[in-house]
Structures are given as C-alpha cells and as structure tokens.
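Report on the following structure.
Read the figures in this text as sums done on the coordinates, not as results from a lab. None of the values given here were measured: they were computed from a predicted structure. No Cβ is skipped: glycine too gets one built from the backbone with ideal geometry, and neighbour counts run over all protein chains shown.
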Amino acid sequence: MRLEPKPAPSLAATLAYPVAAIAATLVVASLLVLAAGASPFSVFYLVAKGAAGSQFALLETLTRATPLIFTGLAVAVAFRARLWNIGAEAQLYIGAVVTVVLGTGALPLPSGLLIPIIIVAAMAAGALLLAGPAVLKTRFGVDEVVTTLLLNFIVLLFVSMLLEGPLKDPMGLGWPQSSKVIAEAQLPRIIQGKRLHYGFVLALVAAFAMWVVMKKTVLGYEMRAVGHNPEAARFAGIPVNRVLMKTALLSGGLAALAGFSEVAGLKGNLTLDLSPGFGYSGIVVAMLAMLNPLGVVASAIFVAGIFVGADAMSRAAGVPSYIADVMVATALLSMVTAILFSRYRVRWR
Amino acid sequence: ADPIKVAAIYTVPVEQQWVSRIHKAANAAKERGDIEYVYSENTSNNDYERVMREYCEAGHKLIVGEVFGVEEAARTVAKDYPEVAFLMGSSFKPDAAVANFSVFDNYIQDASYLSGIIAGAMTKSKNIGMVGGYPIPEVNRLMNAFMAGVKESAPDTKFQVAFIGSWFDPPKAKETAFAQIDGGADLLYAERFGVSDAAKERKVLAVGNVIDTQKDYPETVVASALWHFEPTLDNAIGAVKAGSFKADDYGVFSFMKAGGCSLAPLGTFEGKVPAEVMAKVAEKEKAIKDGSFMVEINDAEPKSS
Amino acid sequence: MEQALEILFTASFWVAAIRIASPLIFATMGELICERAGVLNLGIEGIMTVGAFAGWFTVYSGGDLWTGVAIAALAGAMFGLLHATLTVPLGLSQHVVGIGITLLATSLTYFTYRLALPEVTSPPKIEPFQPLPIPGLSQIPVVGEALFAQTPLTYLAFATVAVVAWVLYRTPLGLAMRAAGENPSAVEAQGISVTGIRMGAVMAGSALMAVGGAFLTMSAFNSFFFEMINGRGWICIALVVFGSWRPGKALLGAILFAAFDAYQIRLQQLSGGVVPYQVFLMMPYVLSILALVLVARRATYPKALMIPYQKGER
Amino acid sequence: MSYTSPTAEPPVLRLSGITKRFGALTANDAISFELNKGEVVALLGENGAGKTTLMNILFGHYVADEGSIEAFGQTLPPGDPKAALAAGIGMVHQHFTLADNMTVLENIALGTESLWRPRLDRASARTRIAKLAADFGLAVNPDARVGALSVGERQRVEILKALYRDARVLILDEPTAVLTPAETEALFRTLKMLVANGLSIIFISHKLGEVMAVSDRVLVLRSGRLAGERATARTTRQELAALMVGQEVKQPAVAPVTRGEALFVMNDVSTSARGAGAALDQVSLTLFAGEIVGLAGVSGNGQAALAGLIAGAERPVSGEMLIAGRAVANWSTRAALDHGIARIPEDRHAVGTIGDMSVTENVISERYRSARFSRHGFLDWKAARNFAEGLIRDYDVKCPSPEARIRLLSGGNMQKLILGRALDPDPAIVLANQPARGLDVGAVAYVHGKLLEARARGAAVLLISEDLDEIMALSDRILVISKGRLSAPSARGERTIGEIGELMAGHLERAA
Ligand SMILES: Nc1ncnc2c1ncn2[C@@H]1O[C@H](COP(=O)(O)OP(=O)(O)OP(=O)(O)O)[C@@H](O)[C@H]1O
Ligand SMILES: Nc1ncnc2c1ncn2[C@@H]1O[C@H](COP(=O)(O)OP(=O)(O)OP(=O)(O)O)[C@@H](O)[C@H]1O
Ligand SMILES: [Mg+2]
Ligand SMILES: [Mg+2]
C-alpha cells in the first residue's frame, strides 16, 4: 500500500472527508451509548446542541477553546522548528503562578498598566522555563521531549508546594489555592454574566500575530528552515541555536499566556487543577491545524466543541461522562486520517 | 409527593472515599423514593460551573457537590438560579446573600479522635505511620484529631506523616506505607487506598477512615472513623421539600452528635482491644455527644514527629 | 544523616526499589521496541491504563492470573495495532496519534469500567500475584531478598529484558527491527517490509506496556483505580532515552529511578516534616534530568525515529 | 569458466512497455529492452531522464503504471523487492541504502535469513563475506560500523549485499559518481570478475569514458523515452552525447585571464580533527583573483576540513586567515557569506538545500537578511519570488514553479539553483566543492562554463574535485591534498595525470 498525492483536491472532497470523520465519531459514540443501554438516536442532536445549540453552549465552547488556542499556538510554533515542546502544561502553570504573584495586590496599578505587565512577566517566565530544555538541547544534546515532559511533573509539584506554602490563600481556610487576583488584574468578561472573557480575544490576536510571524517574517522563515533541515540551515548562515532559542522563548511565552488567561479571565485564582491537560491537548490542536496558526483557532474550537457537546450529551443521555473524552479522541484520530485522505490517494500496489 | 430531582457533581470518580459516602447517601434516598438522582463524576474544576448550569437548566431542584477551588463561580451560579437549592462541600461559611446555597464538610473529627484513642493503645512500638493524598483541610482535620486521640492513650507516640501527591495511586500509597513500616511503624492510619494492604501484608494494624473496610481486612483494621452523609443529605432534602431551604452550614450534621460520624464496630477485634481503653472511648463518646467535650478542629498540615 | 545512608543498606529498600521498577521495566521495554523500530509511542500512558484494567478485570471476572496477563497483553496489542495502522502505513504524526491513543485508551477504559461496575463505591479486589521466593537464592542477604523474593511478574519483567536484548541483538528479526529504526530504505532494499516490521514492533511493544500496567493491578496492588498509572508511562519514555535505546541500560535506568523513588519515600519519613513533601516527590524527576545531561552526549538515537517511511517517496 | 557469448542464451531480463507517471510527469514512457547473460549494459541519460525510476521499478521499489518485467523467464510481481531479490536481482542504489549505526556484517546479513530464526548465524555470514570479498576484490572489515567507512568502502558493502544473495543481475546506479579514480579502477576490475562469473550488469553513469570502457551495449534515455541503443564497439562518445541531449555538447573554452591580487590567504592553518576525514595540518594557501585553483586528492584527506573552513562551518585552531588582506574574526558561515565567499557544498541534499522548502525559499537562504529581501524583520516575498524566477530563467532550471518543493527537482537542476544562488551576488571568492558530481554532460558543461565566467569576472575560485579530468581541464594551478597537508602548486599542464596520482597517493615530498 502506498500514498500518492492528489493533484488538485476538489472542494467537495476537501469537505467530504472531515464530514466523514465526524460521522465516524458519531457512530462510535452511538455504539457506546447503545452499550450503556441508552438510545443512540439523538446522539448527534445532543452533541450539537451541547456544543453550539444555544448562546450558553457556544460561549462555553469558546471559553474552553481559549486556553487550547494558546497551548496550540505554543506547540505549533515549536514544532515548526522541530523543537518538540511537550511541556506546555508546565509553562501554562508557570504563567498562572506569575499572574497570581503579581496580580494579587503586589502591584497596585490600574488595569491598563497592570495587565500588560503581568502578560509580559508571565510570558517571560514561560519562556524561561522552556529555555532550560532548549539550552540542554543545543549545548548538551539532551532530548527535549524528555526534559519538557519531566518538567511537567516537576512544575506541578512546585506549584503544589507554592500553594501549600507562600502562595496559599490566607482566607482559603487551608485549601491549597492562591488568593484571588485583584479586580485590576482581571480580564473582563465579553458578555456580562457569561464566562467568555477577553482572554479569547487575546488568543485570536496571538493567533493572528503568529500567523504573521510564520508567514511574513524573517524569524518565521528561519524557524521553518531550522525545522526542515538544521544542517543546511546552519550552512546557509542561519544561526540555528539562536533560532531554536527564540523559538523556545516564543513557544514558552505563548503557553504561559494560557495560564494567565485562565487565571485572569476565568478562575481568578490558582489551584492545582487549573488545567485538565490543556498543555497536552495543545499538541493535538496544533497538529490537527497542521501547525498553521490560524488553523489552530479552528481546531481548538473544534476540539473544545466536541468535548463540551459530548459532555452535555452524556448527561442528557444518561451515560457515563467519560464518553466525552472518548469522542474527543475518536474525532481527533478520524480527523487527522480524513485530512490525510483528502490530500492523498491510497494505491494498493 | 413527587421525588425531588437531585443532581450531584463530583470532581473525582465515585470510588473516592469522600465522594463515595455522598453517593451512598444519595442512592439510599433514591431507593426510598425521596429523590431522583443523577450525577457527573470526574468533572474538572474547569468544567464545574458549566455542568452546574446545565443541571440547573435541566430542571434539577437540588444540586450536591464539592466546590473547593470554584467557590466563587459556584455562588454566582446559585445567584442565577434562586429556585434551585445547592448543597456543596466547601471550606467556607454560608452567605445570607446567596440564600439557596448551603455548605457542608466532613467534620468527623469526633470519630477520628476516638479511633486515635484505640490506636494509641494498640501500637506497641509507639510509632504510627500516616499516608495522605494531599494535605487539604478535609484530610488534615481528621489526621490531627486522630493524633490527638492517640496522645490521649499513648502520649509519647511518634508519627510518620507522608503525602503522595495523588488521590489515586494505591501502589504508591502502599509503597509509602511499607516505608513507614520499615521505619518502625506497627500501626497505620489509612487515609488512602493501599495503606491497609501494606499493613495486611506486613501483619501490622491499620485504622480506617471515612469508610469501613473491616470486612476486607479482618486481621488488620482495628477501628475506623466513619462518615455518614445521610443526616446532611436527608436534612437538605427535607428542607427542599418543605420549601425552607436556606443558606445554612450543614457541617454540624457530620458531627457525632448529629449521627454524621461514628466509630465503626470493632468486628474481629471485638475483645482484642483492652477493656479499659474501650471504656475510655465510651466515656469520651458520651462526653462528645452531650456536648461536654469538643474535639478540636485543626486544619493545619500535620507533620512527622 | 547516617540514617539517610543506612537506608541504602537495608534489604527492604532494595525490595521496594525492584518492586517499583517492575512495571516500569515492562513498559520501558515496550517503548524501547517501538522506538528501536522507528516509532515513538506516546500512547504508552493510555495503553498501560488499558492493561491495568484488562488484566484485573479478567481475574475479577473469574479468569486466572496468567490469563489476565495474556488478556492485558492482547488488549495492549490491539491499541498498538490502531497506533501502528495510523502511524506506519498512513504515516500520520506520531505525536498526535500517540496522544490521541492515550486519551482514547484511558477514557474508553473508564467508560467500560463504569458500565461494568456501575454501583461500586469501593473498587473490588482480586487475589493478586504473591511473592514467590526462589529457594536458595532468596536466602542471600539483601540481594537475594530484593531480587529473588518477588512475585512471578517481577521475574517476568527481568526475563523480558533478556528476551528483548536477545531478540534485538542476536536474531534476524531484531536486526530488521533495528535497521527499520536506523534506515528503513535499507530494510526495504533487502526485501523486508518496513511496514510489517514497524507494525509488529509497535504491537509487541504495546503488549509489553499493557503488561506493565497490569503489574500495578495484579501484583503491586489488587484493584483498579482511575488515573492510577499516574505518569508512569511518561517516565518510561524518559527511561528509554536515558538507556540510550539499549535494553540493559534502560533496565538500569528503571531500577535507578525506582531506587530514587523508594529512597525519597524513606527520606520523607526522616525529614520530620521540615522539608515540603513535594521536594521529595520531585527528586526522581530532577535526578532523571541530571542523569540525562550526563549520558546525552554519548547516546546514539535511532536515526529514523519519528520519520514515517513511505515506499517510493522522493 | 562457463562464459558464453551474450546472445547464446535467452535473456535474463526482459522489460516490456514500462511506463511510469508522477502526476503530470511521465518519468518512463513505454520502455522495453532485454539484458543477456554475462552482458554489461550501460544506461545513459540526462539528469531526470528516468534512469533511476526505471531501475526502481525493476527492483520493485516503484510500481509501473504499465508494462511488465520478466526475470529468467518468470514474470516479476510488481512492487515487491523481495521477489526481485529472490529472482536474483541485486541493486546498488544511487543513494546508498545502508544503516550507518550498524556493522557491515549486519547490513549484509539483513533479511537473508528467515526472520523467525532464534539466532542470527554471524559466524557463517562472516566466512561467506570473507570468501566473496577475496574472490572479487571487495575488501571490507565485516565488524566495522558502516558510518565510519569511506564512500568507496560503502559501495563495496552494497555490492557484497547483492553477491551475498547470489545475485545474477546487478544494477549499479551511478556507482562511480562518488568514487576516486583508483576506487573506480578497482570497481571495474570487480565488475569484470563478476561478468566472467556469468553475472549480467546494468550500469548507469554520466561519464562517457567509463561507459565506453566497461559496457557491451548502451541504452540512452531521453525524457523518459528510449532514445537509442548502440553496441559500444560501434559508437562514439560524441554520438552518445548527442543522443542524450539531442544536440552536441560543447565543452566551454578556457580563455586566458591574467591573475589579479591575492583575495584569500591562509597561513599555516590547522583545524581540529572531527568525523572521519583528516584535519588540516599547517596548510598555507592563497587564492588570487581571476584564477581557478584545483584541489585534487583522495576523499577523506582533509578536503572536507578545508571546504568547511572556507565555508565558515569550521574554525581554525591555529594559523591565520586573511580575506582581502585583513585577518578574519569570529569566523562562521554567516561571516563567510558577509565576506563575499560563495559556497557550492559537496552534498546538495543534506547541506545545500532544504528539501521540504520551496525553490523560492531555498534561493534566498543565504541572503534573506539583506535589504533586498527583508525590511524590519519582514520578508519581501515578492522580491524573493522575482529573484527565484530570474534564476530559473537565467540558469535554465527545469522546475514546475518557484513554489515547488526543491526536493522534487533533479540533481542537475538543484545544482544549477545552488550555483545561481551562490554566483548571483558576483562573489569575490568561490568555493566549488564537487560542483559537477552526478551531473549529466550537458549540466557539467554548464557548471564549468559558469565557473569560468566567474574567473573571467575576476573571482578567485577554489575547485575541489575527485575527478582529475575536471581538475586538469579547468585549473590554472593544481594542488594536491593528502593527510591534511598540501603539495606545492603546479601550473596548468605542468604535471601529468600520473604525477598527480602519485601525489594523491601520499608521496608529496617525492613529487614536489
Ligand atoms: N517519487 C517521485 N515523485 C515525483 N517525481 C519523481 C519521483 N521520483 C522521480 N521523480 C521525477 O521523475 C523524473 C526522473 O527521475 P529519475 O530519478 O529517474 O532521474 P535520473 O535519470 O535517475 O536522473 P539523475 O541522473 O539525476 O539521477 C525526474 O523529473 C524526477 O523529478
Ligand atoms: N564548526 C564549528 N567549530 C567549532 N565550534 C562551532 C562550530 N560550529 C558551531 N560552533 C559553536 O557552536 C555554537 C553554536 O553555533 P551556531 O552558529 O549554530 O549558533 P548561533 O546561535 O549562531 O551562535 P553564535 O551567535 O555564537 O554564532 C557557536 O557559538 C560556536 O561556538
Ligand atoms: Mg552563528
Ligand atoms: Mg538517478
């Protein structure tokens, strides 16, 4: 069996495959619902309703997509230069830590000043966190997949230590959580009383900015060159290590923004369960978008929508809520396969 | 009357000890026909608010859960749905401004204290190991009460305290317990799954917590401090039925006085605990129940000694 | 201070280290096989979860222990097949598929568990593997107790390392697997199907990962809990790198990591609560990174790792 | 000896109507031919004519869209290298298919035993390899790591791989492109022995001299079609060249140029040892304007170090380098470019281009930061595209579009682009490392013409090549490198090929 690129995929084919992927996901979900003894017939309707059937549902989907856009961008940027950053989770938490350190009253500044300061500081912290593995990679040849993966554990334990130590909320009655950030450090909600906050707008801006960086700038060009062939890039005079370093800083910074946005926009404080694996999902989001920054927005919303919709469906249909993650995983795997088939044809000989 | 529609939202699977007690009480109420019961487990705090709203929208009248970490968001939801009653595990106090939002917690320090008295009498090495998940108030409180109880019968007991940084890693809890046994402990305080197994394998004793595991470890578990969520839940259900639900602290329904906690039957250890110790336990229990003795509520992280 | 050192000379410490290492050894060997053939398998965490559940549930439903191990391996191999189908002939991103498999395997396991056991409040237990001291050998002080008084699954773990090493370095199959990870076109040019070799390696590797998971529910413990794999799979990925993709070194790495873990648990008891417990929990991870820095320069990774192979690609 | 005349037996191979398309491109167009026992057939054709494609189909790597192949009377199943191997077809690929981190023995034994045998029989493999090596003059150490071998040795391993499997037909895809003259000689001796043993050989080369020397018959491919077939004894180089390109190829004339000032000077420069090749040992070298300096030598004697040094990829550990009279500081690839050094690297796939990026992106890779292509950190894609289109036009590059991935271009066209990229800014110094390797006669003439143009313009050119004909034809001065040291220079025509060969073999002092 082998794959052959299709000369010019038709629009119909380009659309048909993703639709088939979603259909496949629904079939799997229906089977599971059936296995759970519930009626599978309304699965599609319930998922769609839960993900986008009301203003509430739609806003929830976008709210959940917000951190995924940031971590997805972080991964997309890093993977472009073949810097395998599996540590967006850790960078997210560090961004959140900085947000509560600066945002809980240490800097009594107006919003217009405080929020930019926190953003810069959070990004710097996330950047530094990934700079470590980047230096180990460029100077000592240590595999960054492993170091970034291990840092996830270390940082989570570190955050736990902070939350039971210096960052512990004195008003939290002993629960390991930080104090709430002051009003000036909070991102306002886009619609009063709803959860969607301006972090989402920030994420869109970041996505657009990254698109510009990747497509239009010298740095984006260098990153792609280094990613595709570091040896040739070095020979052409591209400062490979410096580019990897810049990539690491950018990627770490973007992932940290996810932590900032979750704390300042949604939660208000930091707890140990701030992220249900947004860092890891970022990899999925980025790859689904084929590392295209604008595609990241779409794929983050897609992934979030499937989760939110499926989660709501599980309650409406009365089946175990674990089905939501099953559907996200199935949707992901069938979607990447569908994208492949929309661009390649399988030849059996 | 029609059964009340109750929905529970748990941040962990229903096997987790703490949540399992709530789940059990809810199922009991369902069996009685008092309520219709649905639940979502393993809901991350990130999704908690959304799930609350979904249940409210779906017409549930009483929402039970745990809002540690999402206190403020939960109260916002409550404000948006004044006709729904909320009974939530929380470290905070009720707030009159959110009249439909009541709080509870596992205040079973009374029973833990009594189990400590027995433990102090049963340890020969005067060395007790304690393995916890995370040092959160709900855990610390019981550990501290237990330690106070131990000191009552064996003041010079040494404690080894360890946290494993996870709710669900019995193998790790078990390894930690083994290490404490290696370190001289001959009695373990079983806050996590896995600890009693280590005790059983090494033939030392264990004291249970929240749930009763005597049946599973007949040779090992001497005593257990049990949490009964029924008084808490049934009172809330009653209030909802009567239309009198208001911002209350249901924590007291976990006290021994209210029947919210108890010392488990000694089971196979009946008669193996010295009579004078049991007499002391009975005496303290009486004092607790009549209010003449209060077990201290101490939420600080316990330390090894 | 001397107490801290004394720990290292107690038999129980080494017993614990070997016991903690056992599941890691299985899963590390599994990951090593996959990577040696050129496929990074990030599905490991999920596949271990599947194995932990499948093995335990088999025994819970009345099967015997070894049947449980076999079923776990089979379940792992099935997820390996899915992983391999997507990453090898289709050449999809190994990162995405791996993480997708982890998510799928984990959530599907939880879903199945909940359907199978809807009304439990305390996970049911099985009668797990019991220690099986080897007469004579287990009497040797410290070493004997650590190595020869474990459960049969631990012995199987060590045997697995020997078998993997033998297969990789002494058999034609192992030669083909290593070559598939180094330069797949060399394999193709010698008339062997790269797709076949890689898919086989991923399936076999996934089976081993699943047995590693089953160790936790059938030997280290006796019931299944959600999230009980608790990052052990990710550790194994680090151990493969640490072991420079060699079975012997990876075994050493697993034991070393487990020893760090067993040691930190014991140190924690000595600290008197002065040092935050998280510092101890961090120890194995921090030391792993340091160890990597020391070995990285000399490691030769499989050249074709993570690079999909397409026949007739230019 | 069972040597029989080539036509006495039925053909060992018969290809009938082989057609292969890649998208719109027809790489092979209804090709049919036969190969007889004990015969050497040469396959000639321009870069991209479809030679490798045809051989890949024969070996089962690719599947033909039409046509069929018979080996020894049996039809070969398409797309099955295993069947091709079983039928006795062995192939030495243009890009070697060896696993660098494994030993020679492992590479040879791979796939020769059933995968399910519990033990690889190394001992008997070693004996067999030793015997084959002795029989056919293919000496290699079976326990050496392939990554540590020279190119010539690797090729011997590839041939051994085929012989180990009792190949009756051996396909060699440009086997001499990377060999030194001595290694080429040795290869030809081996081929003679093989033929004498009844093997049939298909031999692909761009070097007409070799084709004339070793083949019995020549097949010429042009644009995927079989353009002609000649018995070697009854044809000429000129006729073959004309068949290949469709017209006669004129070698560029070397016009006299007066030598100018010293542009690049190295005094007693040494480098640190790295990788397989020798390091430089107190090398002094001066490159003058308007002059081509040819550097001859057996590969691995320090050419890589010297090229790396001038290209900026390596730094001197002692000695000094002067460019336009000034000592250089902070030497790097970037610095080399900034000092006006144009580089044509030895390996165009691994180092010269970034395969998965477009032609446009590749041609600006050395100058993307200049004001011409970027402003304030933003790239000017329009300017880049114009530049690429200009190069494609001026250098007569065949490619679908400037946006095509450069990987898809043939070697010759890739080389033209690299040449264009390097020479466009009118560099003062040109480093040309194996610039014509693997190129067809037309492309070779083109590249040589461009180097001579640069010289005429007043550039200093250093030509590193293992092809002595090339060196002798172009160089104003010739140097020989051996074990990291340079010989004294000789002027054009001063030394014979034989003398230079002596020097290359390491007898610097005697000949100097
Ligand atoms: N896998 C492929 N996909 C697309 N095009 C291909 C592929 N393989 C070869 N081609 C194209 O087919 C044509 C013939 O290529 P081939 O490699 O057979 O040429 P060649 O005669 O061997 O050239 P050279 O002398 O440079 O080795 C070229 O235009 C090449 O770009
Ligand atoms: N050929 C070489 N010989 C010796 N050292 C080298 C060589 N190539 C690179 N280095 C060292 O490795 C480092 C990284 O090189 P590279 O040019 O890729 O990085 P960079 O980001 O451009 O760094 P710099 O700003 O120092 O040039 C350089 O600083 C240099 O010290
Ligand atoms: Mg540089
Ligand atoms: Mg070719």
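When only Cα pairs below 8 angstrom with a gap of at least 6 residues are kept, chain A shows a relative contact order of 37 percent. In this calculation the C-beta distance from C:Glu2 to D:Asp143 is compared with R0 = 60 Å, giving a FRET efficiency of 0.75.
If R0 is 41 Å, the Cβ-Cβ spacing of C:Arg297 and D:Ala86 corresponds to a FRET efficiency of close to 0.40. Electrostatic bookkeeping for D:Leu337 treats Lys and Arg as +1 and Asp and Glu as -1; over the other residues with beta carbon under 13 Å from its beta carbon, the sum is +3.
Applying a DSSP loop filter and a limit of 14 other Cβ atoms within 10 Å to the trypsin sites (Lys or Arg not before Pro) in the stretch B:1-106 leaves B:Arg32.
Apply 1/(1 + (r/R0)^6) to the Cβ-Cβ distance of A:Ala131 and B:Phe293, taking R0 = 45 Å, and write down the FRET efficiency to the nearest 0.05. Walk me through the numbers before you get to the answer.
Numbers: r = 58 Å, r/R0 = 1.29.
Computed FRET efficiency for A:Ala131 and B:Phe293 comes out at 0.20.
When +1 charges are put on Lys and Arg Cβ atoms and -1 charges on Asp and Glu Cβ atoms, the dipole computed for chain D relative to its Cα centre reaches about 540 debye.
Within chain D, the longest run free of trypsin sites (Lys or Arg not before Pro) that sit in a DSSP loop with at most 10 other Cβ atoms within 10 Å is D:251-512. For the stretch A:160-208, the relative contact order works out to 19 percent when only alpha carbon pairs closer than 8 Å and six or more residues apart are counted. Taking the helices alone, the protein assembly as shown has a mean residue ellipticity at 222 nm of -16000 deg cm²/dmol, built from -39,500 (n - 2.57) per DSSP H run of at least 4 residues and averaged over all its residues. Of the complete DSSP H runs in chain A, those spanning 27 angstrom or more by Cα along the long axis with a mean Kyte-Doolittle score not below 1.6 are A:11-35, A:111-140, A:144-164, A:323-343.
Label the stretch C:229-290 by shape, choosing from rounded, prolate and oblate, from the square roots a ≥ b ≥ c of the eigenvalues of the Cα gyration tensor; if a/c is under 1.5 it is rounded, and otherwise prolate applies when a/b is larger than b/c, oblate when it is not. Cα axes put the stretch C:229-290 in the prolate bin. Loop-located trypsin sites (Lys or Arg not before Pro) in the stretch B:152-234 (DSSP state not H, G, I, E or B) with no more than 10 neighbouring Cβ atoms inside 10 Å: B:Lys203, B:Lys215. Legend: helices of chain B (whole DSSP H runs) are marked when their alpha-carbon atoms reach 27 angstrom or more along the helix axis and their mean Kyte-Doolittle hydropathy is at least 0.5; nothing is marked. Once both labels are positioned 7 Å from their Cα atoms along Cα-to-Cβ, the gap between D:Ala134 and C:Asp64 label points is 5.7 nm.
Among residues other than C:Val279 with Cβ under 15 Å from its Cβ, the summed charge is -1 (Lys and Arg +1, Asp and Glu -1). If each of D:Ala196 and D:Glu229 carries a label point 7 Å out from its Cα toward its Cβ, how far apart are those two points in nm? Between D:Ala196 and D:Glu229, the label points sit 2.9 nm apart.
For chain D, leaving out every one of the chymotrypsin sites (Phe, Trp or Tyr not before Pro) that falls in a DSSP loop and has at most 13 other Cβ atoms within 10 Å, the longest unbroken run is D:117-512. For the stretch D:237-314, the list of GluC sites (Glu not before Pro) that fall in a loop by DSSP and count at most 13 other C-beta atoms within 10 angstrom reads D:Glu248, D:Glu261. How far is helix D:441-457 tilted off the main Cα axis of chain D, in degrees rounded to 10, range 0 to 90? Its long axis makes an angle of about 10 degrees. Given a cut-off of under 8 Å on Cα pairs at least six residues apart, what relative contact order in percent is computed for chain C? 36 percent. Electrostatic bookkeeping for A:Phe307 treats Lys and Arg as +1 and Asp and Glu as -1; over the other residues with beta carbon under 9 Å from its beta carbon, the sum is -2.
Seen against the Cα atoms of chain C and their longest principal axis, helix C:44-60 is set at about 60 degrees.
Using a/c under 1.5 as the rounded threshold, could you call the stretch A:2-347 rounded, prolate or oblate? The axes a ≥ b ≥ c are square roots of the C-alpha gyration tensor eigenvalues, and prolate needs a/b larger than b/c, oblate otherwise. Cα axes put the stretch A:2-347 in the oblate bin.
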